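Have a look at the structure below before the remarks.
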């Protein structure tokens, strides 16, 4: 039986050969881009614009789940949304080479959005409202929902079963997470919402700004959930700043789609789930050399003490009234 290759086996020659297996001619230029979950490269082509090659992590998504991501991106592009969708070769977007699954994307240049400008928030809100209009016309069948099980219980078990959380924090962390997840589960049951196909990881790093317009990249975390999940990561700073940013975002969003203000009560529960999920993600990847190199503080008790403190603060945040929005 042939062993499944790891990212350590994904050398430059494998990347270039994979791209050329689709009929492209590479010119040898190769730039690795920032990505820990997958591996992403800008690949130079002879007499053509470079392409972006994304190699998927084994075991993270099934072929069917990746197909749903690609179909959703293509559906958005078909509706003239600036979503960077995969390139198709003979109608196929997911390819295989040397035991790896990979996809090619067009290169799209730009920079981070100017989030100190309310006009940028309105532009992003309009784009998101249009995207959710497309989202609402279908659903994911293979991809999971944002829920307590996937974003809370499983990641926290990974932390408790791993070797990163210091022993003196085990009981405090376990009890605190149990309390938080019980509260969050109750809130999710009490606040009605219609699940949508979401970007799922919609933060400023996944928006490319060019010529006063926004484009969306990286639907790798697309899944079902409440609309507000694609909004709250653009709300920075203190409460007053968050409310101002929310007003600008929803000013743009509601010009294309209605928004239920009841969902604002889900922001702190969703933020808490993301914090728990992030720590669990680190715990499951901690033995990979790239992670140890990029996150040397993982082995330091101080980070985990701060993490537990942050979760305690979230316990208080769950009791606070939701941020205000005046339509």
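Please identify the pairs in which a residue from region 1-21 that is more than 25 Å from residue 285 (Cβ to Cβ) has its Cβ atom under 6 Å from the Cβ atom of a residue that is at pLDDT 95 or above and part of a helix (DSSP H, G or I), counting only partners at least 6 apart or on another chain.
Qualifying pairs under 6 Å: none.
Counting only residues that are in contact with a strand residue (DSSP E or B) (Cβ under 6 Å, 6 or more places away or on another chain) and either free of Cβ contacts under 8 Å to residues at least 40 places away in the same chain or part of a helix (DSSP H, G or I) (or both), how many does region 73-89 have? Can you show your working first?
Filtering region 73-89 down to residues in contact with a strand residue (DSSP E or B) (Cβ under 6 Å, 6 or more places away or on another chain) leaves 73, 76-77, 82-84, 86-87.
Adding the requirement that they be either free of Cβ contacts under 8 Å to residues at least 40 places away in the same chain or part of a helix (DSSP H, G or I) (or both) leaves 73, 76-77, 86-87.
Selection size over region 73-89: 5.
Against the definition (over 22 Å from the mean Cα position of the chain (by Cα) and surrounded by 14 or more Cβ atoms within 10 Å (Cβ to Cβ)), how does residue 235 come out, yes or no? Break it down into steps so the answer makes sense when it comes.
Working: over 22 Å from the mean Cα position of the chain (by Cα): no; surrounded by 14 or more Cβ atoms within 10 Å (Cβ to Cβ): yes.
In short, no.
Looking only at region 150-163, decide whether some residue is farther than 27 Å from residue 286 by Cα and in contact (Cβ under 8 Å) with a residue 24 or more places away in the chain. Give the steps one after another, and end with the answer.
Initially, region 150-163 is screened for residues farther than 27 Å from residue 286 by Cα, giving none.
No; the residues of region 150-163 include none that is farther than 27 Å from residue 286 by Cα and in contact (Cβ under 8 Å) with a residue 24 or more places away in the chain.
Go through (1) within 26 Å of residue 197 (Cβ to Cβ); (2) part of a loop (DSSP other than H, G, I, E, B); (3) touching a strand residue (DSSP E or B) at 6+ places or on another chain (Cβ under 6 Å) for residue 37 and report which single condition fails.
(3) is the only condition that residue 37 fails.
Determine if region 90-110 includes at least one residue that is part of a helix (DSSP H, G or I), crowded, with 17+ Cβ neighbours inside 10 Å and out of contact with any helix residue (DSSP H, G or I) (no Cβ under 6 Å at 6 or more places or on another chain).
So in region 90-110, the residues part of a helix (DSSP H, G or I) come out as none.
Within region 90-110 (the criterion being part of a helix (DSSP H, G or I), crowded, with 17+ Cβ neighbours inside 10 Å and out of contact with any helix residue (DSSP H, G or I) (no Cβ under 6 Å at 6 or more places or on another chain)), the answer is no, since none of the residues qualifies.
Which is more than 22 Å from the chain's Cα centre (by Cα) and surrounded by 14 or more Cβ atoms within 10 Å (Cβ to Cβ), of 191, 216, 184?
191
Output the residue which, of all residues in region 47-66 that are over 24 Å from residue 140 (Cβ atoms) and at pLDDT 95 or above, is surrounded by the fewest Cβ atoms within 10 Å (Cβ to Cβ). Don't jump to the end; show me each part of the working.
In the first step, residues of region 47-66 are kept if they are over 24 Å from residue 140 (Cβ atoms); the result is 47-51, 53.
Subsequent filtering for residues that are at pLDDT 95 or above retains 50-51, 53.
Numbers: 50: 17, 51: 19, 53: 24.
So the residue we want is 50.
The values are calculated or read from the model by the stated rules, or taken from the named source; none is laboratory data. Treat the numbers as computed from the prediction; the structure is a model and nothing was measured. Ideal geometry is used to build each Cβ from the backbone, glycine not excepted, and the neighbour counts take in all protein chains shown.
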